[in-house]
Amino acid sequence: MKKLLSKTRAAADKYDMLGQNEQIAVGVSGGKDSLVLLCLMAAMREFHPSRFGLTALCLDPCFGGTPADYSGIESLCNELNVPLVIKRSRLGEIIFEERRENNPCSLCARMRRGILHNMALESGCTRLALGHHMDDAAATFWMNLTSGSRISCFSPVTYLDRKGISLIRPMIFCRENEISSAASRLGLPVMKSSCPADGCTERASAQAVLKNLETKYTGLTERIIAAMQEGNISGWGT
């Protein structure tokens, strides 16, 4: 955990992610990434000079019309002394039953982001922390290059002027295997995704391709990140 905490602080400081005395929302899906991020942010809150506050946000898509059980996350938030806000939604019904989207992930992501942004504002937060890590960044770069014909990625920090909040990604220097190990060691209440498209997404395919390439080109993911920093792609060189 100390290694992950060091990497998280390095990213937060390099990209000025933490405002002085600001309230930061952490988007918590129940997956390993968001739960480890919540623990890292709670740990960093205790010593970082910015003295930020935290609120955890859970947006329940209610896949299959069934509300998810967040009792494990509620217990974790109580242990970490982090307020938790849970919002039930009709995302699952709208995307998979009403709209029957050919590309459900794209619409779901847009709708989920919009709701989370509003939840953050309603909770008095000026920043929203998301659980994207280094492997996510490399996969996004790969998808944009191979499918979108552009050299780009999500940014470490994105200011949404229409909402007046900033999206921050404190784990972008952390590898997914490190996060998985930490979640297991800490015994975090990881929730299995009930999304019908789980594991069948374009992102999952891109991650599989990169994982295969890593067996031949050792350190490929780190090299992609280094190249984005060197070329200041999407704000990574700031």
Fill in the blank from the handout: Within segment 144-157, the count of residues that are in contact (Cβ under 8 Å) with a residue 40 or more places away in the chain and within 18 Å of N232 (Cα to Cα) comes to 7
Practice task
Name the single residue, out of those in segment 51-71 being out of contact with any strand residue (DSSP E or B) (no Cβ under 7 Å at 6 or more places or on another chain) and under 21 Å from G187 (Cα atoms), that is most open to solvent (accessible area, probe 1.4 Å).
Solution key: D69
Handout entry: Residues (over 11 Å from the mean Cα position of the chain (by Cα), closer than 17 Å to A25 by Cβ and among the β-branched types (V, I, T)) located in segment 128-180
Key = V157, T158, I165
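Is one or more of the residues making up segment 38-50 open to solvent by 10 Å² or more (accessible area, probe 1.4 Å) and under 16 Å from the mean Cα position of the chain (by Cα)?
Yes, some residue in segment 38-50 is open to solvent by 10 Å² or more (accessible area, probe 1.4 Å) and under 16 Å from the mean Cα position of the chain (by Cα).
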Exercise for the section: Considering only segment 12-35, state which residues are in a helix (DSSP H, G or I) and either touching an Asp or Glu at 6+ places or on another chain (Cβ under 9 Å) or surrounded by fewer than 20 Cβ atoms within 10 Å (Cβ to Cβ) (or both). Expected result: D13, K14, K32, D33
Exercise for the section: Check L76 against each of (1) in contact with a Pro (Cβ under 9 Å, 6 or more places away or on another chain); (2) under 20 Å from H117 (Cα atoms) and name the one condition it does not meet. Expected result: (2)
Problem - Candidate set: segment 101-133, residues that are in a helix (DSSP H, G or I) and among the charged types (D, E, K, R); chosen: the one most open to solvent (accessible area, probe 1.4 Å) - result: E122
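The values are calculated or read from the model by the stated rules, or taken from the named source; none is laboratory data. Worth saying up front: this structure is predicted, and the values here are computed from it rather than measured. Cβ sites come from the backbone with ideal geometry, for glycine too, and all protein chains shown count toward neighbours. All accessible areas refer to the heavy atoms of the entire protein, side chains included, with ligands and DNA or RNA removed. Shrake-Rupley method; radii C 1.70, N 1.55, O 1.52, S 1.80 Å.
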